[in-house]
Amino acid sequence: MPKPAFLFALLCAGLAQAQSAYRWVDQDGKVHYDDRPPPPKAAREVQEKKFAAPTADKQLPFATRQAMANFPVTLYVSADCATACKQGRDYLKKRGIPFGEKSVATSEDIAALRQLLGGGEVMVPVLLVGQKSSKGFLETHWAGLLDAAAYPKAP
């Protein structure tokens, strides 16, 4: 007889690959479980359960998830911004900050970023933490924004 731990591991491996699981009752009242839907007209009652792969967010520390929910971080870059954008990106990665990155490539992108920043000159990189922003890469300014949003100082 197989050990329970082996059966559990086998079940978990099967579920990890399955996107959906079906529970259905046939015409005789027998309950079936499968990763495929029942044959047509074979079931009286069908329930489909969706299984999603774990997201990286669930693996993040609680403090980081809280800060993300309240103050999402977006980095605005452009193709001609080499050194400062790389430094900014590297700083966010070193600190373990989850962030979205948007490329400012067209005149519409520039106009939208200018409006987001409240007018004035647009200079990338731009760090947006919640509703607050910093133009250009200045580590002390970026650290201040992230600290104020309660992001951890280290990953």
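None of the figures in this text is laboratory data; all of them are computed from the coordinates on show. Please read all numbers here as calculations on a predicted model, not as lab measurements. For neighbour counting, all protein chains shown are included, and Cβ atoms are generated from backbone atoms with ideal geometry for every residue, glycine included.
Structure values in brief
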{"read-out": "Neighbourhood charge, 13 Å Cβ-Cβ cut-off, centred on K30 and excluding it, Lys, Arg +1 and Asp, Glu -1", "value": "-2"}
{"read-out": "Per-residue Cβ neighbour rank within 10 angstrom, fewest leading, V31, V25", "value": "V31, V25"}
{"read-out": "Cβ-defined net charge surrounding L92, 13 Å radius [Lys, Arg +1; Asp, Glu -1]", "value": "+3"}
